[in-house]
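Below: the structure, in structure tokens.
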Amino acid sequence: MPSIKILPVRFTENGFMTQPFALGGEGADGLDPAVKYRSCLQNWLLDTGSEVILVDTGLPAEFPEAAPTPDTTIHVGTKIKTYLEALADLGYKPEQVSKILITHKHSDHTGELRAFPNAQIICSAAEAEADEIKPYHPTVAAFADGPYHEFPASQRIADGVWYLPAPGHTKGNCAVAVESDGLTWLIHGDITYTDVALYENKLSVVYEDRAAARETLDRVRAFCAARPTVWLGTHTPEALESLEAKRVVDLANPPAVIPPGDIVFKTPTGKYVCSVCGYVYDPAEHGGVPFEDLPADWRCPRCRQPKDKFNRA
């Protein structure tokens with residue numbers, strides 16, 4: 001088994017999400033909005049020794065920082081630095097990146113695709129036509145390398161690196177398995193938002209195909225039960241802790257849940273940000289119409305999510 005360096009590209013911290021958001025995808029009965037889990041944003045870098053591979057590319061540098069209010073369902077945290085600044089802090093330059101594996105189309109996973117002149121951008125066919133990805137002429141993964149354990153299809157990216165279909169959150173959602181140091185490191189976008197969902201077998205409220213999301217989560221849990229697996233996500237500091245501790249998933253023994261720190265609510269700017277795809281609604285660009293005055297059936301122009309998926313910025 002190869003030794004591959006796995007590094008988090010960290011760009012926000014100290015966020016939160018509510019329990020109904022994180023666990024309520026198949027029903028919110030018994031879930032309490034007052035219960036909150038920690039949130040943040042990081043994507044991932046793989047250094048194989050011969051090439052540098054990114055799993056997703058963060059938010060665009062100009063993305064506004066959201067302003068959490070008492071009714072916010074997910075706040076991704078305060079900005080530590082831009083994605084590219086975080087990459088530089090790890091000691092890497094955009095020119096060094098040879099491949100980018102996209103888990104899915106949303107802007108917190110694709111925001112800086114523009115910055116990597118030498119990288120082959122790889123995504124699923126379902127994501128390749130997305131507005132966030134199509135302009136960069138991605139390579140569509142063929143997934144022609146046969147099953148990968150519980151996953152029915154795969155594409156080998158490098159020795160020890162496998163790209164896997166994991167649909168549900170979006171129709172073309174993918175995950176990345178890294179075999180290194182005697183463990184499998186399963187990197188994902190938003191199959192879960194918090195590790196609590198993995199252990200409690202719960203879907204979040206954000207998906208394009210609920211049946212596929214359920215099948216993917218079932219497959220992931222079977223995968224983790226069958227072999228030593230470290231679960232590395234995008235929206236929770238639990239992933240950072242699991243990486244550092246090489247913490248293997250034990251579905252029968254979930255780790256202790258650490259609550260978020262003090263939450264500071266902010267004065268809204270009038271702008272609203274889609275929590276799913278990152279689209280910013282600015283009244284100044286829409287004839288001065290406040291977000292609150294948009295029709296109840298108004299939807300995000302980019303990802304078609306309803307108004308309740310928007311947070312104040």
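Values computed for the structure shown
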| read-out | value |
| --- | --- |
| Set Arg156, Arg247, Arg210: member being within 19 Å of Thr103 (Cα to Cα) and touching a Phe, Trp or Tyr at 6+ places or on another chain (Cβ under 9 Å) | Arg156 |
| Qualifying residue in segment 276-298 (condition: assigned to a loop (DSSP other than H, G, I, E, B), under 16 Å from Pro68 (Cα atoms) and at pLDDT below 85) | yes |
| Search result, residues across segment 243-275 that are loosely packed, with under 15 Cβ neighbours inside 10 Å, at pLDDT 85 or above, farther than 13 Å from Leu198 by Cβ and among the hydrophobic types (A, V, I, L, M, F, W, C) | Ala245, Ala256, Ile258 |
| Any hit, segment 233-251, residues being over 17 Å from the mean Cα position of the chain (by Cα), without any contact (Cβ under 8 Å) to a residue 12 or more places away in the chain and under 28 Å from Ile80 (Cα atoms) | yes |
| Qualifying residue in segment 50-65 (condition: touching a residue at least 24 places away in the same chain (Cβ under 8 Å), assigned to a loop (DSSP other than H, G, I, E, B), among the hydrophobic types (A, V, I, L, M, F, W, C) and in contact with a helix residue (DSSP H, G or I) (Cβ under 6 Å, 6 or more places away or on another chain)) | yes |
| Sole exception among (1) modelled with pLDDT of 95 or more; (2) among the small types (Gly, Ala, Ser); (3) surrounded by fewer than 21 Cβ atoms within 10 Å (Cβ to Cβ) for Ala22, by number | (3) |
| Pairs with Cβ under 8 Å, 6+ apart, first in segment 106-124 and within 21 Å of Glu85 (Cβ to Cβ), second in a loop (DSSP other than H, G, I, E, B) and aromatic (Phe, Trp, Tyr) | Ser107/Phe63; Ser107/Tyr279; Gly111/Phe63 |
| Number of the condition not met by Pro2 [criteria: (1) farther than 16 Å from Gly261 by Cα; (2) modelled with pLDDT under 95; (3) in contact with a Lys or Arg (Cβ under 9 Å, 6 or more places away or on another chain)] | (3) |
| Selection within segment 118-171 - touching a strand residue (DSSP E or B) at 6+ places or on another chain (Cβ under 9 Å) and of a type in the set (Lys, Arg) | Arg156 |
| Cβ-Cβ under 6 Å pairs, at least 6 apart or on other chains, segment 203-224 side aliphatic (A, V, I, L, M), far side part of a helix (DSSP H, G or I) and buried (at least 20 other Cβ atoms within 10 Å of the Cβ) | Leu203/Ala213; Val205/Phe21 |
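Residue-by-condition table, conditions (1) assigned to a strand (DSSP E or B); (2) touching a helix residue (DSSP H, G or I) at 6+ places or on another chain (Cβ under 6 Å); (3) surrounded by fewer than 18 Cβ atoms within 10 Å (Cβ to Cβ); (4) in the same structural domain as Arg219 (by TED's automatic domain parsing):
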| residue | (1), (2), (3), (4) |
| --- | --- |
| His109 | no, no, no, yes |
| Pro117 | no, no, yes, yes |
| Ala144 | no, no, yes, yes |
| Ala153 | no, no, yes, yes |
| Leu164 | yes, no, no, yes |
| Val176 | yes, no, no, yes |
| Thr184 | yes, no, no, yes |
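Here is a yes/no grid of residues against (1) surrounded by fewer than 23 Cβ atoms within 10 Å (Cβ to Cβ); (2) closer than 23 Å to Met17 by Cα; (3) modelled with pLDDT under 95; (4) touching a Gly at 6+ places or on another chain (Cβ under 6 Å):
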residue	(1), (2), (3), (4)
Gly172	no, no, no, no
Gly189	no, yes, yes, no
Thr194	no, yes, no, no
Asn201	yes, yes, no, no
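The values are calculated or read from the model by the stated rules, or taken from the named source; none is laboratory data. Everything numeric in this text was worked out from a predicted model, so none of it was measured. Quick reminder, even Gly has a Cβ in these numbers, built from the backbone with ideal geometry, and neighbours come from all protein chains shown.
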